[in-house]
Structures are given as C-alpha cells and as structure tokens.
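Here is the structure we will look at, set down as structure tokens.
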C-alpha cells in the first residue's frame, strides 16, 4: 500500500476506492459505503486486512463530512462526483467499523503502530467522535 500521509484518502487503496464510488450509480453510492463498514464489522475477532480498513476509513470520512462538526473532504484523491444525501443510518455502522479498526487483530493498526501512528489513531478517533455525534 502506497501511503503518503495520515488522512483518510492519503493512500493508493483509498484513491482506488474513490474511483469505485464514482463509478457506482447515484442510488447505489450509499450502499458502496455501507458495504465497507459491514465487511470490517463482520471480521469480528478475525484478522482485519488493511485494505478493508482503509476503505472503511475513507467511507467514514465521506459520511462524517455530512455531520455537524465534520470536515469537508477536499483532497483530489476523494470521489470526484458529489455524493447524494446519505442516510443517517450509516453513522452507527461507521462508528462500529472505526472502533473495530482500532483493536487487534488489525493489520492497518499494526502497520501504523510500527511507525508511531498516534496521530493517525487520533484522526480515526476524531472521525468516530464526529459520527457518534
């Protein structure tokens, strides 16, 4: 995974995911985001692959941008097309996915912990807090 910073879209996997969001029909975009949360949540106590986690974080950032206190996603690596109105039901799923990413066994968490990822973890927690309202 090529990563150049700690933001939700600052890696190759998230940039590729953005393309998938853009390619989805407008009425299916929310489901693309929801699927990333469910894939992460459904790992339970099993090992969580980094790519799944990265996609869920990118999805969470898109949902959080629509929440009070959320930051707009302005990077050129995010989806190019504006998202339709997103169902508020995505928020608790995003919160659960982010919580799962921050506990072992999580490949992405392990990778960030190898490189002093406290700032990355703080960013994920901030997204979670915005989504939790």
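Every number in this text was worked out from the coordinates using simple rules, so none of it is lab data. What you see is a predicted model; the values in this text were computed from it and never measured. Ideal geometry is used to build each Cβ from the backbone, glycine not excepted, and the neighbour counts take in all protein chains shown.
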Restricting to the range 97-133, name every residue that is within 12 Å of the chain's Cα centre (by Cα) and exposed (fewer than 14 other Cβ atoms within 10 Å of the Cβ). 125
For the range 1-19, enumerate the residues that are without any contact (Cβ under 8 Å) to a residue 60 or more places away in the chain, surrounded by 15 or more Cβ atoms within 10 Å (Cβ to Cβ) and either closer than 19 Å to residue 83 by Cβ or under 13 Å from the mean Cα position of the chain (by Cα) (or both). 11, 13, 17
Matching residues in the range 53-69 - criterion: being within 12 Å of the chain's Cα centre (by Cα) and either surrounded by 22 or more Cβ atoms within 10 Å (Cβ to Cβ) or on the phi > 0 side of the Ramachandran plot (or both): 53, 54, 55, 56, 57, 58, 59, 60, 61, 62, 63, 64
May I ask you to say which residue of 92, 84, 72 is at negative phi, loosely packed, with under 14 Cβ neighbours inside 10 Å and not in a loop (DSSP other than H, G, I, E, B)? 92
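Quick grid of which residues meet (1) outside any loop (DSSP other than H, G, I, E, B); (2) closer than 19 Å to residue 126 by Cα:
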{"residue": "29", "(1), (2)": "yes, no"}
{"residue": "34", "(1), (2)": "yes, no"}
{"residue": "45", "(1), (2)": "no, no"}
{"residue": "54", "(1), (2)": "yes, yes"}
{"residue": "60", "(1), (2)": "yes, yes"}
{"residue": "63", "(1), (2)": "yes, yes"}
{"residue": "80", "(1), (2)": "no, no"}
The lone exception for residue 111 - which of (1) farther than 18 Å from residue 15 by Cα; (2) without any contact (Cβ under 8 Å) to a residue 24 or more places away in the chain; (3) in contact with a helix residue (DSSP H, G or I) (Cβ under 7 Å, 6 or more places away or on another chain) it fails: (2)
